[in-house]
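Let me begin by presenting the structure, written as C-alpha cells, before commenting on it.
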Amino acid sequence: MSMAPTLEVRNLRTHFFTREGVLPAVDDVSLRLERGRILGLVGESGSGKTVTGFSILGLLDPPGRVVGGQILFQGADLLTLDKRALRQLQGNRIAMIFQDPMMTLNPVLRIEAQMVDAVLAHSKLSQKISKTQARELARETLGMMGIASPEERLQAYPHQLSGGMRQRVAIAIAMLHKPDLIIADEPTTALDVTIQAQILSEMQNLARLHGTALIWITHDLSVVASLADEIAVMYSGRIVEQGAVSEVLDRPLHPYTQGLIGSLPSNNRRGQRLRQIPGMTPNLLQLPASCAFAARCERVSERCQQRPEISEPVGGHLLRCFHPALPTQPEPQFG
Ligand SMILES: Nc1ncnc2c1ncn2[C@@H]1O[C@H](COP(=O)(O)OP(=O)(O)OP(=O)(O)O)[C@@H](O)[C@H]1O
Ligand code: SF4
Ligand SMILES: [Mg+2]
C-alpha cells in the first residue's frame, strides 16, 4: 500500500477563460488528505468549492482549465495522466457524489443494474463475487441509506424515484465502489435530518473501515462538526483558514470564518447554517489587488491593501490574513 497521502493538492489554480475576461475561480488551493480522513470544504456560494472538486476529478469543461499546481492521488499526478487512465481511476478508486444525482445515475437503467455494476466493478479489484451476492449487497446498502422496501426500489428506474431517493441511491452507488477517495458536493442538503445523520454515520464507517478519504462540500456547519476531521474555509477562490474541525469551529481566527460561524458557543452550533455576512463577495473578474475580504472586514488596515499569503500554522490553523484574531498571542509577522 502506498505511503503517500490519498490526496495532495498543491497550489491548484483553475481559471475560466470567459468572454468578459479571465475568472480565477480557484487560486492557490492546497489540501492534504490522509487515508480515512474527512475534510469539510465550506464557503459562500461562488467561492470555488465545486470547481475545486471538478478540478481534482478532471471534470472541467472549457472555458475552464487548470492553469497551475499539482494534484497527487496516492502520489501520482492526476494532471499528467491521460484521459483513459483518469477515467479508470474515476470508475474504481475515486468517486464524486454530485449536487445533481442524475449526473451519476443512468436514466435508462434500473437501479439494480447500476448498483450491481458498481459492486462488480469494485470486486474485480478485490475478491470475486457472484451476481446474487452483488444484489444482496446492493439491497443492504439501500437499507443503510434509510431506504424502505429496497427490493422494490431496485426494480425502479431513476425517474420513478423522488429527488431525495435518487440522491440516496447515488450515494449508495459511490459507497459500493469502495473508492479510496470520495468528493461529495452537498449531497445531503435536501434530505431529512434523521436520514442525513444516518448517511453521515455510514460515511464515517466507510472512512474508518475501508480507509476512504472524503471531501465533503457543504454550507452546513453542523454537518462539518459531526462528520469531518478537518475543515477548509474558502473565500473568492482561496482557502482563508484551515485546520482541525474542533480547533477552527471553536476558535475561528480569520475574520471571515468568525463571521460565518458567529459568536455562538460551540454547543449551540448544531443545525446552524453559515451566517450571512454583510456585503457582497467581490466579482472574480475584477478582483482587487487587496485582500479579497477587505471590503467586508472589520479588522481591515492599510496593510490589507496587499494580498495576504497563506501562513505557516498558527496554533494549528493555516491562515490567509494579516490580522487574525489571536487574543492571547502577539500578532504573527507575515512576509
Ligand atoms: N462554466 C463556467 N464558466 C464561467 N465561470 C464559472 C463556470 N463554472 C463556475 N464558474 C465560476 O467559478 C466560481 C466558483 O464557482 P463554484 O461553482 O465552484 O462555487 P461554489 O463554491 O461551488 O458555490 P455554490 O455554493 O453556489 O455551489 C464562480 O464565480 C462561478 O461563477
Ligand atoms: S487581511 Fe486584512 S482585510 Fe483581509 S481578512 Fe485579514 S484583516 Fe481582514
Ligand atoms: Mg457548488
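For region 1-36, name all the residues that are more than 30 Å from GLN276 (Cβ to Cβ) and either touching a strand residue (DSSP E or B) at 6+ places or on another chain (Cβ under 8 Å) or within 8 Å of ligand 1 (Cβ to nearest atom) (or both).
Passing the criteria: ALA4, PRO5, THR6, LEU7, GLU8, ARG10, ASN11, PHE17, ARG32, GLU34, ARG35, GLY36.
Screening GLU140, GLU151 for residues that are free of Cβ contacts under 8 Å to residues at least 12 places away in the same chain, part of a helix (DSSP H, G or I) and over 30 Å from ILE310 (Cα atoms) leaves exactly one candidate, GLU140. Within region 160-197, the set of residues being charged (D, E, K, R), touching a strand residue (DSSP E or B) at 6+ places or on another chain (Cβ under 8 Å) and within 20 Å of VAL223 (Cβ to Cβ) comprises ASP185, GLU186.
You will find that of ILE199, ILE171, the residue that is among the β-branched types (Val, Ile, Thr), open to solvent by less than 40 Å² (accessible area, probe 1.4 Å) and out of contact with any Pro (no Cβ under 7 Å at 6 or more places or on another chain) is ILE199 and no other. Could we say that ALA244 is at pLDDT below 95, more than 14 Å from ligand 1 (Cβ to nearest atom), open to solvent by 20 Å² or more (accessible area, probe 1.4 Å) and out of contact with any Pro (no Cβ under 7 Å at 6 or more places or on another chain) here? No: the conditions fail for ALA244. For region 284-310, a tally of residues being within 16 Å of ligand 1 (Cβ to nearest atom) and over 17 Å from ARG13 (Cα atoms) returns 2.
Here ARG166 meets each of (1) touching a residue at least 60 places away in the same chain (Cβ under 8 Å); (2) at positive phi; (3) open to solvent by 30 Å² or more (accessible area, probe 1.4 Å) with one exception, condition (2).
The values are calculated or read from the model by the stated rules, or taken from the named source; none is laboratory data. For clarity, every value in this text was computed on a predicted model and none was experimentally measured. Methodologically, a virtual Cβ is constructed for each residue, glycine included, from the backbone with ideal geometry; neighbour enumeration extends over all protein chains shown. The area values use the complete protein model at the heavy-atom level, side chains included, leaving out ligands, DNA and RNA. Shrake-Rupley method; radii C 1.70, N 1.55, O 1.52, S 1.80 Å.
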